[in-house]
Structure formats: structure tokens, C-alpha cells
């Protein structure tokens, strides 16, 4: 018996890397899976439908059930059809894992408009559009008096939490996904749907330039293997995580870090509007001796 027996899941960007591992694990836990992937290059070019089908073949060879889908999740028509695919193939939808994306890195002063727009589209809109139609599906079921089981697990990044050089487009999209996760969690709570986000640290096509040389020696645990992320997604998709929503987790190797959201770090309180001179005089009190420069990465 798996933790997700009888559930129906969609994983976007599931043809390779982290998404592939998530699709395989959800299937191993008993879910029937829609494997979505356009089969593009790491920069978002071209298409290859065989990429998603190869993962379906792996799932079916292991005794699971899956179907391939090549819709563009960053278009409303594609996202609508993706949700319809799950309903038509397996009778409903219980779990949505948003993972699709690619990179087009450049320093801000060199980044062109197309590179900015393309990355924002695939990551930010590519998370929103499937979530929108999944939410509509669950809302319709609730209005019809049916019990709803709903889980959305989004994929953010530490780039979106701390900022990274050369990735203004990617970091902005991933930061937006955190805010979207919080908003969707609030909107869908009354339906019984939870929404969380995972920020992976793993060796994939997108991180090859940075992590490509970090390979474990034979027989040793591979801290950077993309499949390390999947168990956290399976946990958040399970019934055991019913009370967890609006949360962000950094997952790397054998570590799961719960990352708390914004909270007040200091304040100046006055009975009337502050002046510039007044703020200058009290800035040391506001920061109370804490660093005021660019923040460090939160997890090292």
C-alpha cells in the first residue's frame, strides 16, 4: 500500500531531472500520473514528445499507471487541456506538482526583453495557469457536494528567496512563486486544498554549470542527485500533510529545511509622520545593531 493509493497527480516538467523523479515517486506511492513535458532544451527551445513518454514507459514497466502530455503549461489553453487530460484519463485530479521551467541567464545590464519575458512566462505563468484550472476543478467538485482532496506543490528556488547574480528574470519568477503559493493557500483553504513550495538544490540541466562536477564517489550517497527532492513532494502530497499549507521548504541531499516567511525585524513607532532627519537620527535604533548590507544566503 502506497501513501497515495487511488490519487491522481500531474507533474509538469516531468520528463527529466527533478520532475522525472517526482513523477516516478508519486507513481510508486500509488498515484496515477500525468507526465507533462514539452521536451524543450535547457534554454526552452524546440519540443520532443518522447521525453514525457519515456517516463510513462518507466512508470508502466514498474506496474504503475501514467499518461504523457505535451501541453504548454504557460498558456491558459494548454493548462486547461492538461487538467482535462487527468480528468479524462483517470477520472479526476488530486495532486498538482508545478515544476516546468528553463533558464536564460544574463546580468541585468545585458539581459534582453525576450530572455526576461520567456523565463517569467514559463516559471511564473507556468505555475499559475495549471493552478488556476486545478482550483476551478476542485471548486466545481466542492459546489457539487463532493469531497475534495487537493494538493498543489510549487517549485521555487533559493534564487527567489535570497537573490542570485545574473538571474534577475529567474529570481523574480521564483520569488513570485513564493507569493503565489501564499495567495493560493489562502484562497483554496476553504476547499480543503493545501498549497506549498519546495526549493530544490540538485544537479539538473539547469544547474549543470554550477553543480555538474559534484558527483558522489561510487557507493556514496549523492547529495546532489535530483531524486532527493521527490520524497518531500510525496510527503506534501500525502494525507499526512493535510494541516501544512502556505509553507516553503529547501530540500537538498538528506536535508529538509523549513523556511519561515517575512517577519518584523525592527520598527520605529511615532505619534506622527516621521521626517527624513528623524529617520536619519533613529536608523541605528531601527536596525538595532543588525547588518544593513545585502543579506547572506539564509541556508549554507
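The values are calculated or read from the model by the stated rules, or taken from the named source; none is laboratory data. Computed from a prediction, not measured in an experiment: that's the story for all the values here. Every residue, glycine among them, receives a Cβ derived from its backbone with ideal geometry; neighbour counts consider all protein chains shown.
Is segment 30-46 home to any residue that is touching a residue at least 12 places away in the same chain (Cβ under 8 Å), in a loop (DSSP other than H, G, I, E, B) and within 24 Å of residue 242 (Cβ to Cβ)? It would help to see each step written out before you state the result.
Step one: filter segment 30-46 for residues touching a residue at least 12 places away in the same chain (Cβ under 8 Å), giving 30-44.
Imposing the further condition that a residue be in a loop (DSSP other than H, G, I, E, B) reduces the set to 30-31, 37-44.
Filter once more, so that each one left must be within 24 Å of residue 242 (Cβ to Cβ): 30-31.
So far as segment 30-46 goes, yes, one or more of its residues are touching a residue at least 12 places away in the same chain (Cβ under 8 Å), in a loop (DSSP other than H, G, I, E, B) and within 24 Å of residue 242 (Cβ to Cβ).
For every residue, the table says whether it meets (1) in contact with a strand residue (DSSP E or B) (Cβ under 6 Å, 6 or more places away or on another chain); (2) surrounded by fewer than 21 Cβ atoms within 10 Å (Cβ to Cβ); (3) modelled with pLDDT of 95 or more.
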residue: 42; (1), (2), (3): no, yes, no
residue: 50; (1), (2), (3): no, yes, no
residue: 57; (1), (2), (3): no, yes, yes
residue: 60; (1), (2), (3): no, yes, yes
residue: 83; (1), (2), (3): no, no, yes
residue: 102; (1), (2), (3): no, yes, no
residue: 116; (1), (2), (3): no, yes, yes
Within the bounds of segment 270-285, is there any residue that is closer than 23 Å to residue 188 by Cβ and loosely packed, with under 10 Cβ neighbours inside 10 Å?
no
If you check residue 136 against the conditions, is it over 18 Å from the mean Cα position of the chain (by Cα), surrounded by fewer than 21 Cβ atoms within 10 Å (Cβ to Cβ) and within 19 Å of residue 191 (Cβ to Cβ)?
yes
Qualifying positions in segment 53-75 - without any contact (Cβ under 8 Å) to a residue 40 or more places away in the chain and part of a helix (DSSP H, G or I):
53, 54, 56, 57, 58, 59, 60, 61
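Residues checked against (1) in contact (Cβ under 8 Å) with a residue 40 or more places away in the chain; (2) under 17 Å from residue 241 (Cβ atoms):
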| site | (1), (2) |
| --- | --- |
| 160 | no, no |
| 165 | yes, no |
| 169 | yes, no |
| 181 | yes, yes |
| 184 | yes, yes |
| 188 | yes, yes |
| 192 | yes, yes |
| 195 | yes, yes |
| 202 | yes, no |
Taking segment 243-279 and keeping only residues that are without any contact (Cβ under 8 Å) to a residue 24 or more places away in the chain, out of contact with any strand residue (DSSP E or B) (no Cβ under 8 Å at 6 or more places or on another chain) and closer than 30 Å to residue 220 by Cβ, one is left with 255
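Can you tell me which residue in segment 194-227 is surrounded by the most Cβ atoms within 10 Å (Cβ to Cβ), limited to those that are in a helix (DSSP H, G or I) and at pLDDT 90 or above?
Here is the first cut: in segment 194-227, the ones in a helix (DSSP H, G or I) are 205-211, 226-227.
Checking which are at pLDDT 90 or above leaves us with 226-227.
On the way: 226: 20, 227: 15.
For segment 194-227, the residue satisfying everything is 226.
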Take segment 181-191 and flag every residue that is touching a helix residue (DSSP H, G or I) at 6+ places or on another chain (Cβ under 8 Å) and surrounded by fewer than 21 Cβ atoms within 10 Å (Cβ to Cβ).
187, 191
What number of residues in segment 80-127 are closer than 18 Å to residue 184 by Cα and touching a helix residue (DSSP H, G or I) at 6+ places or on another chain (Cβ under 6 Å)?
11
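Starting from residues that are part of a helix (DSSP H, G or I), over 16 Å from residue 150 (Cα atoms) and touching a residue at least 12 places away in the same chain (Cβ under 8 Å), keep the ones in segment 83-104 and report whichever is nearest to the chain's Cα centre (by Cα). Reasoning before the result, please.
First, the residues of segment 83-104 that are part of a helix (DSSP H, G or I): 83-90.
Going one step further and asking which of them are over 16 Å from residue 150 (Cα atoms), we end up with 85, 88-89.
Subsequent filtering for residues that are touching a residue at least 12 places away in the same chain (Cβ under 8 Å) retains 85, 89.
Working: 85: 21, 89: 24 Å.
Going through the qualifying residues, I end up with 85.
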Could you list all residues from segment 62-81 that are touching a strand residue (DSSP E or B) at 6+ places or on another chain (Cβ under 9 Å) and loosely packed, with under 15 Cβ neighbours inside 10 Å?
none
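Identify, from the list 21, 15, 78, the residue that is within 18 Å of the chain's Cα centre (by Cα) and assigned to a helix (DSSP H, G or I).
Working: 15 fails: assigned to a helix (DSSP H, G or I); 78 fails: within 18 Å of the chain's Cα centre (by Cα).
Answer to the check: 21.
Given the criterion surrounded by 13 or more Cβ atoms within 10 Å (Cβ to Cβ), in contact (Cβ under 8 Å) with a residue 60 or more places away in the chain, assigned to a helix (DSSP H, G or I) and within 23 Å of the chain's Cα centre (by Cα), identify the matching residue among 240, 230.
Values: 240 fails: surrounded by 13 or more Cβ atoms within 10 Å (Cβ to Cβ).
Just one listed residue meets the conditions, 230.
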Might you check whether a residue that is at pLDDT 95 or above and more than 28 Å from residue 148 (Cα to Cα) occurs anywhere in segment 175-191?
yes
